[in-house]
Amino acid sequence: MDYLYLEEIDSTNKYAKERVNDIPDRTVVYTYKQTAGRGRLQRKWNYTGENNIYASIVLKPSDEMRDVYSNLTQLLCVVLAEAFEEYNINPKIKWPNDIRVNGKKISGILAEAVTTQNGFLKGLILGFGVNLNVPKEVLENIDQPATSLNLETGKFIDKEVFLQKVINKFCLYYNRFLEEGFILIKEDYKRRAEFLNNDVAVKVFDKTIEGKAIDITDNGALKLVDKANKEHILLIGDIL
Ligand code: BTN
């Protein structure tokens with residue numbers, strides 16, 4: 001992996017998208033000052049200070065889109081969870097790709113694909129933000145329950161060390177993951193999955209589906225059973 005450090009930027013994802021032609025395959029674009037971070041579903045990602053991670057991995061695995069690429073966020077989730085566990089905390093994955101500790105969000109992922117007009121793939125951008133050292137007052141101003149690794153461990157966290165751990169782990173899996181797909185990490189993902197065997201409401205575009213989350217499929221989809229005993233296999237959505 002190559003690294004591209006930016007002193008200050010509005011959004012590492014936006015930067016990577018706009019310059020995807022010039023950024024080589026397997027490059028980590030990162031900053032410690034992100035002024036207009038973006039989240040999933042048109043949300044924003046708050047800037048929580050210079051001791052946290054704001055990064056985007058640029059990947060160019062092929063010219064054509066493949067289903068497995070949409071599972072790369074789940075690979076990144078497992079890798080982030082493994083990195084957190086090295087600090088002796090217990091992260092949970094909120095399907096599809098949030099990481100939470102004791103019900104509070106500690107990391108989020110925003111994946112974007114850049115394609116040509118004819119539908120060819122120019123690159124995938126896997127953006128992730130990690131709360132490593134966020135002051136308590138700053139966390140309280142975030143619009144959803146959030147935490148930070150320093151608060152969970154009581155220690156200051158070295159951001160360079162954490163980023164390196166995540167990228168090294170990601171590289172260890174990446175080639176095999178492209179060949180074998182989600183099944184390679186299925187058990188690692190499921191073991192940490194929050195809400196499995198619970199009743200959930202999942203927002204899919206403008207619809208909400210309620211049911212019991214019974215499984216994660218071999219493709220990384222969430223399997224629900226609703227009150228009428230009907231099965232739903234969800235590839236995208238947001239657990240409310
Ligand atoms: C989410 O939880 O909704 C996803 C948040 C993703 C935030 C990261 S920070 C680095 C990268 N650049 C962005 O603008 N967003 C992602």
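The values are calculated or read from the model by the stated rules, or taken from the named source; none is laboratory data. Predicted model only: the values in this text are computed from it and were never measured. Using ideal geometry, Cβ is built from the backbone for each residue, glycine included, and neighbour counts are taken over all protein chains shown. The area values use the complete protein model at the heavy-atom level, side chains included, leaving out ligands, DNA and RNA. Shrake-Rupley method; radii C 1.70, N 1.55, O 1.52, S 1.80 Å.
Computed quantities for the displayed model
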item: When residues of the range 113-134 are limited to those that are of a type outside the set (Val, Ile, Thr) and under 11 Å from the mean Cα position of the chain (by Cα), the one farthest from the ligand (Cβ to nearest atom); result: 126
item: Residue 218 being at pLDDT 95 or above, open to solvent by 40 Å² or more (accessible area, probe 1.4 Å), acidic (Asp, Glu) and farther than 21 Å from residue 91 by Cβ; result: yes
item: Matching residues in the range 110-144 - criterion: being modelled with pLDDT of 95 or more, outside any strand (DSSP E or B), in contact with a strand residue (DSSP E or B) (Cβ under 8 Å, 6 or more places away or on another chain) and under 25 Å from residue 82 (Cβ atoms); result: 131, 132, 134
item: Selection from the range 82-93 of residues that are buried (at least 20 other Cβ atoms within 10 Å of the Cβ) and within 15 Å of the ligand (Cβ to nearest atom); result: 91, 93
item: The range 45-69, subset closer than 22 Å to residue 140 by Cα and more than 8 Å from the ligand (Cβ to nearest atom), residue surrounded by the fewest Cβ atoms within 10 Å (Cβ to Cβ); result: 50
item: Any hit, the range 29-41, residues being in the same structural domain as residue 166 (by TED's automatic domain parsing), assigned to a strand (DSSP E or B) and open to solvent by 50 Å² or more (accessible area, probe 1.4 Å); result: yes
item: Unmet requirement for residue 118, which otherwise passes all of (1) open to solvent by less than 40 Å² (accessible area, probe 1.4 Å); (2) without any contact (Cβ under 8 Å) to a residue 24 or more places away in the chain; (3) among the polar types (S, T, N, Q); result: (1)
